[in-house]
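*Asks:* Structure in structure tokens, see below.
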Amino acid sequence: FKASGVQVNDKLYDRDDWTNVTPSVLAKLDRKLHLQERNPIGIIRQLIEGHFNDFRTFNDLSPVVTTRQNFDDLLIPKDHPSRTKSDNYYFNKDTVLRAHTSAHQLEGLASGANKFLISGDVYRRDEIDSSHYPVFHQIEGLAYFDGQSKGEADVVAAIQADLEKAKPIPSNIEIVDDTIIHPGNPLQGRHSEAVVTPLVAHLKHSINSMICHLFADEPNLKVRWIEAYFPFTSPSYEVEIYYQGEWLEVLGCGVVQQALLDKGDRHHAVGWAFGMGLERLAMVLFGIPDIRLFWSQDSRFIDQFTPGQIKKFQAFSKYPPCIKDISFWLPPTEWHDNNFCETVRGVAGDLVENVKLIDDFTHSKTNKRSLCYRITYRSMDRNVTNDEINEIQEKVRSTVEQDFGVELRE
Ligand code: PHE
């Protein structure tokens, strides 16, 4: 981690005001869990690739992308909140760790394939708990039907021919879908209903049958389609799965914006795309309770899995946690939880299991605001000692004091 810049492989990226990538995150770049065939993330990736067997696959594209790939190519406005430093890991103002596999949609189009999948590690600054980790994995799918030199009727015929070949949805799955196309989630200006209706049916069938394939052994699964918004699709949807009393969001999708297909030189094509997070799905399918487990190199974890098979994880005994609180008075500047979590992670790495705000009050006279966070430390593969954690906690305290100008209490 050089002062002059951020080095990855043989490339050196100049630092600037945007640089906020940390060494602990950079250390994840070569893990590629989605390519590990015994890791649940890799197993799910392979099952999906096997299901969409006529799609071309890209699974080793570099996660270091330009802001153009991650945002501009996807029609994400310049002032969109998803571009902020508190949500992303920037190398500098032009280079970022991809926040989604959609960053490669144009590369997929440039390959000439009309159906493709892109899987990879994606990076987002976030909170710390059992289901959030700054690195996770996604798989993107895109399919288009080209109308070059043909008319709309031919495109519709091609979509319908494909749909007719499709297998029906098995009855173990209940699909709830009352989405309709309406001005709030509209048809694009260049599209007619005659094309979009079968295209959306094709999208929905493709996604539903993938989910059925993954959950083939689940006796009764409930899947729900809801409306969504993405700058690069319209209409847009999200798919949720009912799990342990809650609806879990598993993917986003929609009809690809024509302006994006234009950038990819597919002016006469219409298509759909989806992007799905693999960790959530793997936690449900394999019964994995903590997202950090995917990163474990402990043989008690990895030896449980067999390529191509979904089977329930057998918990091995957890090591005990060590819990520490930190409280401080805030300076008058803005405060972001994500940045605080990032600092804790920067010091403690994978030993942090959870960071939770447990107290937040403003002094009535001085108007100063005080926060208290509870940090749970635990290792996935060994016992930690109180001395060791005290040392880390001291370092967290001094780093937080320095980085944010807070006034530590007690
Ligand atoms: N990239 C979106 C996300 O990460 C998901 C998405 C992909 C939505 C493709 C629509 C089409 O949330």
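*Asks:* Once you charge only the Cβ atoms, +1 for Lys and Arg and -1 for Asp and Glu, what is the size of the charge dipole of the chain about its Cα centre, to the nearest 20 debye?
*Replies:* Using only the charged Cβ atoms, the result is roughly 380 debye.
*Asks:* Also: Using alpha carbons only, how many angstrom separate the centre of segment 20-45 from the centre of segment 173-196?
*Replies:* The two parts, judged by their Cα centres, are 35 Å apart.
*Asks:* Which translational diffusion coefficient, to the nearest whole µm²/s, is obtained for segment 330-377 from the Stokes-Einstein equation, given a Kirkwood hydrodynamic radius over C-alpha pairs, 4 °C and 1.567 mPa s?
*Replies:* 109 µm²/s
*Asks:* While we're looking at this one, here's another question. Summing Lys, Arg as +1 and Asp, Glu as -1, what charge do residues with Cβ under 12 Å from the Cβ of Leu293 carry, Leu293 excluded?
*Replies:* That sum, taken over residues with Cβ under 12 Å, equals -2.
*Asks:* Moving on. Please state, rounded to one decimal and in Å, the Kirkwood hydrodynamic radius that segment 260-337 gives when every pair of distinct Cα atoms enters the mean of 1/r.
*Replies:* 17.8 Å
*Asks:* Sorted from fewest to most neighbouring beta carbons within 10 Å, what does the list Thr366, Thr84 look like?
*Replies:* In order of increasing Cβ crowding within 10 Å: Thr366, Thr84.
*Asks:* Another question, if that's okay. If you rank Leu35, Leu278, Leu251 by fewest surrounding Cβ atoms within 10 Å, what's the result?
*Replies:* Leu35, Leu251, Leu278
*Asks:* Turning to a different aspect of this structure: With Cβ to Cβ distances under 14 Å as the rule, what net charge do the other residues near Ile389 carry (K, R +1; D, E -1)?
*Replies:* Neighbour charge sum, excluding Ile389 itself: -1.
*Asks:* Volume per residue, Å³, of the convex hull around the alpha-carbon atoms of segment 276-410?
*Replies:* Enclosed volume per residue, from the Cα hull, is 133 Å³.
*Asks:* Hey, got a sec? Which chymotrypsin sites (Phe, Trp or Tyr not before Pro) in segment 1-54 land in a DSSP loop and have at most 14 other Cβ atoms within 10 Å?
*Replies:* Counting only loop positions with at most 14 other Cβ atoms within 10 Å, the chymotrypsin sites (Phe, Trp or Tyr not before Pro) in segment 1-54 are Phe1.
*Asks:* Which chymotrypsin sites (Phe, Trp or Tyr not before Pro) does segment 350-391 hold that lie in a coil by DSSP with at most 13 other beta carbons within 10 Å?
*Replies:* Sparse-neighbourhood loop chymotrypsin sites (Phe, Trp or Tyr not before Pro): none present.
*Asks:* What list of ³J(HN,Hα) values in whole Hz, one per residue of segment 79-94 in order, does the Karplus curve 6.51 cos²θ - 1.76 cosθ + 1.60 (θ = phi - 60°) give from phi, with Gly and Pro shown as x?
*Replies:* Here the 3J(HN,Hα) series is 9, 5, x, 5, 8, 5, 5, 7, 10, 10, 10, 8, 7, 6, 4, 9 Hz.
*Asks:* Another one. Of Ser296, His267, Tyr13, which is farthest on the positive side of the dipole of the chain, counting Cα position, with +1 on Lys and Arg Cβ, -1 on Asp and Glu Cβ, and the Cα centre as origin?
*Replies:* Ser296
*Asks:* Right, another one. Give the whole-number value, in cubic angstrom per residue, of the convex hull volume spanned by the C-alpha atoms of segment 220-294.
*Replies:* Roughly 119 Å³ of hull volume per residue.
*Asks:* Further question: What number results when the radius of gyration of segment 121-248, computed over Cα atoms, is divided by 2.2 N^0.38 Å?
*Replies:* Relative to the rule-of-thumb radius for its length, segment 121-248 sits at 1.23.
*Asks:* Project the alpha carbons of segment 7-90 onto their principal axes and report the range along each, largest first, in whole Å.
*Replies:* Projected onto its principal axes, the Cα set of segment 7-90 covers 43, 30, 22 Å.
*Asks:* Then there's this: In µm²/s, what is D for segment 1-152 at 10 °C and 1.306 mPa s, where D = kT/(6 pi eta Rh) by Stokes-Einstein and Rh is the Kirkwood radius from Cα pairs?
*Replies:* 95 µm²/s
*Asks:* Past the 24 Å Cα-Cα mark, which pairs from Lys356/Lys395; Lys311/Lys356; Lys28/Lys85; Lys115/Lys204; Lys78/Lys368; Lys32/Lys312?
*Replies:* Where the Cα-Cα span goes over 24 Å, the pairs concerned are Lys311/Lys356; Lys78/Lys368.
*Asks:* State, as an integer percentage, the relative contact order of the chain based on alpha-carbon contacts under 8 Å between residues 6 or more apart.
*Replies:* 16 percent
*Asks:* Take the eigenvalues of the Cα gyration tensor for the chain, scale each by 5, and report the square roots as semi-axes in whole Å, largest first.
*Replies:* 40, 25, 21
*Asks:* Straight-line reach only, C-alpha to C-alpha below 18 angstrom: list the aspartates and glutamates that Lys165 could link to, leaving out same-chain residues fewer than 8 apart.
*Replies:* Here the aspartates and glutamates satisfying the reach criterion relative to Lys165 are Asp54, Asp154.
Each value in this text was obtained by applying a stated rule to the coordinates, not by laboratory testing. Because the structure is a prediction, the values reported are computed rather than measured. Every residue, glycine as well, gets a Cβ built from its backbone with ideal geometry; the counts of neighbours run over all protein chains shown.
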